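To start, the structure under review is shown below, and the notes come after it.
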Amino acid sequence: MTLFRATVLDTPDDPFDGGVLRAQDDCGLLVEGGVIVARGDFTTLRAEHPDEDVLDLREGMVLPGLVDTHVHFPQVRVIGGLGMPLLDWLDQCALPEEMRLADVDMARGVARDFVTGLVDAGTTTALVFGSHFASAVDVMFEAADLWGLRVTTGLVTSDRILPEPLLTTPARAYEESRDLASRWHGKGRLRYAVTPRFSLSASDAILESCAATFGEVDGSWFTSHVNENTAEVKEVAELFGGASYVDTYDRHGLVTPRSVLAHNVHPTDPELATLAARGASVAHCPTSNSALGSGLFPLRRHVEAGVQVAMGSDVGAGTGFSMLKEGLQAYFMQRLLGDAGLPLTSAHLLWLCTSAGARSLGLGHEVGDLSVGKQFDAIWLLPEAGDPLAVGLGNAKSADDALSKVFALGTTSDIGGVWVGGDQIAAGRWRMPRRT
Ligand SMILES: [Zn+2]
């Protein structure tokens with residue numbers, strides 16, 4: 001057992017429903033077999049457990065491991081393609097790179113770069129948008145398994161509009177998906193995600209094949225895109241005889257509590273009602289929406305409709321892996337919406353980047369906060385002395401104020417340690433896949 005000693009901040013209760021930030025100075029967390037088995041005042045816990053090793057993290061603060069609910073593994077090397085709206089960016093930036101992942105050696109290198117990006121950013125749980133090539137999805141699962149990350153991913157499928165090398169057929173998609181799921185779903189911390197790219201490039205036939213896989217792989221997840229860009233929304237409506245974007249998935253039984261749809265910048269009220277009724281989640285990706293000019297996310301409408309929202313970095317249309325930056329950009333967006341926006345506190349931002357994501361992925365009983373019974377998935381924020389974040393934390397008026405400074409000033413280089421299931425996998429610039 002290890003007794004961690006730190007200032008610990010987390011959000012076990014939903015701030016959109018009255019919850020507040022939980023902040024505990026000189027907190028003790030006793031971890032056994034990766035699980036937090038006791039929590040309380042350090043001095044008291046130490047007296048009860050005098051023989052356990054103590055890891056003193058009192059400098060800086062400890063937060064739960066961050067959760068990214070929408071992040072594209074094949075795009076890590078094309079982050080930063082600024083200046084284009086969605087459909088041009090896909091044609092000129094993302095899709096040419098995604099075609100290169102047909103080469104499994106290249107895919108292995110991209111998977112390594114991608115997982116390193118997650119670890120450096122303190123992201124311990126992710127719903128990862130995979131590749132169109134089964135061999136590339138295979139190496140993504142391998143890389144996530146090597147590090148012990150909680151990753152849900154799968155084969156991306158499309159059967160129209162995209163360049164020919166990225167297309168498949170409903171039968172082939174079904175076979176390859178079932179094969180990948182049979183080897184990886186439920187192995188360690190890995191799970192399978194049924195992943196049509198988006199309705200624009202997925203006919204009813206391939207969505208039906210997705211529904212078959214989703215129904216047959218017990219406990220699998222479903223993810224795709226929805227209502228990201230107005231030109232895209234218009235094209236989808238034309239392709240599906242005027243159906244709403246959400247309905248293109250819903251009519252195949254793909255909108256469920258195990259479904260996460262990315263973006264939803266331009267939903268109708270009936271679509272929000274459907275998402276809420278089905279218990280599906282939306283992955284809000286604010287830096288991507290800003291970079292592509294997709295629009296300002298209507299968070300208030302989602303919350304008022306009862307739709308669960310979590311956060312995604314959307315790499316590569318986003319601007320990197322930092323969920324702290326996504327939280328800050330979400331805050332900016334709501335400010336820019338004026339009266340239509342939903343003012344966010346630092347507790348909201350931490351909730352969105354941790355517990356909300358864990359809930360959206362059905363992992364709320366295991367991760368998302370640092371309560372007794374949860375896995376010890378955590379990050380240690382340790383800014384350099386003299387750094388503006390260190391100065392800010394040293395002068396914070398309250399825990400909420402300190403957390404605001406973390407979101408305003410924090411970067412991935414401020415993350416001094418990362419743990420998953422009690423295993424430390426990074427410390428400063430040192431990183432170590434778990435031993436298997
Ligand atoms: Zn995306």
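The values are calculated or read from the model by the stated rules, or taken from the named source; none is laboratory data. Computed from a prediction, not measured in an experiment: that's the story for all the values here. Counting neighbours? That spans all protein chains shown, and the Cβs are built from the backbone with ideal geometry, glycine included. SASA here: full protein model, heavy atoms, side chains in, ligands and nucleic acids out. Shrake-Rupley method; radii C 1.70, N 1.55, O 1.52, S 1.80 Å.
Restricting the calculation to Cα positions, tell me the Rg (one decimal) and the Dmax (whole number) of the chain in Å.
20.9, 69
What would the Debye equation give as log₁₀ I(q)/I(0) for the range 11-108 at q = 0.13 Å⁻¹, counting only Cα atoms as equal point scatterers?
-0.74
Counting only protein heavy atoms and using a 1.4 Å probe, what share of the accessible area of the chain belongs to carbon plus sulfur, as a whole percent? Walk me through the numbers before you get to the answer.
Details: 7980 of 15730 Å².
The value for the chain is 51 percent carbon and sulfur by accessible area.
Could you pull out every residue, at least 5 positions away or on a different chain, whose amide H is within less than 5 Å of the one on Ala426? Hs are placed 1.01 Å off N in the peptide plane, and Pro or chain starts have none.
Counting only residues 5 or more places away or on other chains, the set is Val418, Met432.
Note the full-extension length gain between Arg251 and Glu384 as 0.36 nm times their separation in residues minus their Cα-Cα distance, in nm to one decimal. Walk me through the numbers on the way to the answer.
Numbers: separation 133, 0.36 × 133 = 47.88 nm, distance 5.22 nm.
Contour length minus Cα-Cα distance gives 42.7 nm.
Under the definition of Cα pairs under 8 Å and six or more residues apart, what whole-number percent is the relative contact order of the range 187-253? Walk me through the numbers on the way to the answer.
Working: 58 pairs, mean separation 25.3, N = 67.
38 percent.
What lysines sit close enough to Lys405 to cross-link, taking a C-alpha to C-alpha distance under 26 Å and skipping anything fewer than 8 places away on the same chain?
Lys325, Lys397
Quick check for you: with a 1.4 Å probe and neighbouring chains kept, what is the accessible area per residue of the range 240-302, in Å²?
On the way: 1840 Å² over 63 residues.
For the range 240-302, the per-residue accessible area is 29 Å².
How high is the relative contact order of the chain, given as a whole-number percent (alpha carbon pairs under 8 Å, six or more residues apart)? Walk me through the numbers on the way to the answer.
Values: 1006 pairs, mean separation 85.9, N = 436.
The normalised contact order for the chain reaches 20 percent.
Which one of Gly122, Gly416, Val233 has its Cα pushed farthest toward the positive end of the charge dipole of the chain, where Lys and Arg give +1 and Asp and Glu give -1 at the Cβ?
Of the listed residues, the answer is Gly416.
Excluding Ala243 itself, what net charge comes from residues whose Cβ is under 12 Å from its Cβ, given Lys and Arg +1 and Asp and Glu -1? Write down the numbers at each step before the final one.
On the way: positive: Arg251; negative: Asp204, Glu238, Asp247, Asp250, Glu271.
Summing Lys/Arg as +1 and Asp/Glu as -1 gives -4.
By average Cβ neighbour count within 10 Å, what is the ranking of 69-80, 261-272 from highest down?
On the way: 69-80: 24.2, 261-272: 21.4.
The packing order, highest mean first, is 69-80, 261-272.
List the lysines whose Cα sits under 20 Å from the Cα of Lys234, skipping any in the same chain fewer than 8 residues away.
none
If you project the alpha carbons of the range 66-140 onto the principal axes, what extent comes out on each, in Å, largest first?
Principal-axis extents of the Cα atoms in the range 66-140, largest first: 32, 26, 16 Å.
How many percent of the alpha carbon pairs in the range 88-130 exceed a separation of 15 Å?
Numbers: 482 of 903 pairs.
That tail contains 53 percent of the Cα-Cα pairs.
Please state the charge dipole magnitude for the chain, taken about the Cα centre, from unit charges on C-beta atoms (+1 on K and R, -1 on D and E), reported in debye and rounded to the nearest 20.
Details: 34 positive and 56 negative charges, 42 e Å.
The calculated dipole for the chain is roughly 200 debye.
Taking the Cα centroid of the range 139-204 and of the range 100-127, what is the distance between the two, rounded to the nearest whole Å?
First find each Cα centre; the distance between them is then 15 Å.
By how many nm would the segment from Glu216 to Leu87 grow when fully extended, if each residue of separation counts as 0.36 nm and the alpha-carbon distance is taken off?
Values: separation 129, 0.36 × 129 = 46.44 nm, distance 3.28 nm.
Taking 0.36 nm per residue and subtracting the Cα distance, the gain is 43.2 nm.
Could you give the radius of gyration (one decimal) and Dmax (whole number) of the Cα atoms in the range 275-374, in Å?
Both quantities, over Cα of the range 275-374: 13.4, 42 Å.
Would you mind pulling out the separation of the Cα centroids of the range 288-360 and the range 208-284, in Å?
The range 288-360 and the range 208-284 have Cα centres spaced 19 Å from each other.
Quick check: from the Cα gyration tensor, does the range 298-349 come out rounded (a/c under 1.5), prolate or oblate? Walk me through the numbers on the way to the answer.
On the way: a/c = 1.88, a/b = 1.57, b/c = 1.20.
Prolate is the answer for the range 298-349, as a/c is 1.5 or above and a/b outweighs b/c.
Using a cut-off of under 15 Å, list every residue of the range 68-99 whose amide N is near the label point 7 Å from the Cα of Arg112 along the Cα-to-beta-carbon line.
77
Counting only C-alpha contacts under 8 Å and six or more residues apart, can you give the relative contact order of the range 343-429 as a whole percent?
Working: 101 pairs, mean separation 24.4, N = 87.
It rounds to 28 percent for the range 343-429.
Given just the C-alpha atoms of the range 203-286, how large is their convex hull per residue in cubic angstrom? Walk me through the intermediate numbers first.
Details: hull volume 7.0 nm³, N = 84.
Value for the range 203-286: 83 Å³ per residue.
Considering only DSSP beta bridges with both partners in the chain, what is the antiparallel share in %, to the nearest 5?
On the way: 28 of 60 bridges.
So the antiparallel bridges amount to about 45 percent of the total.
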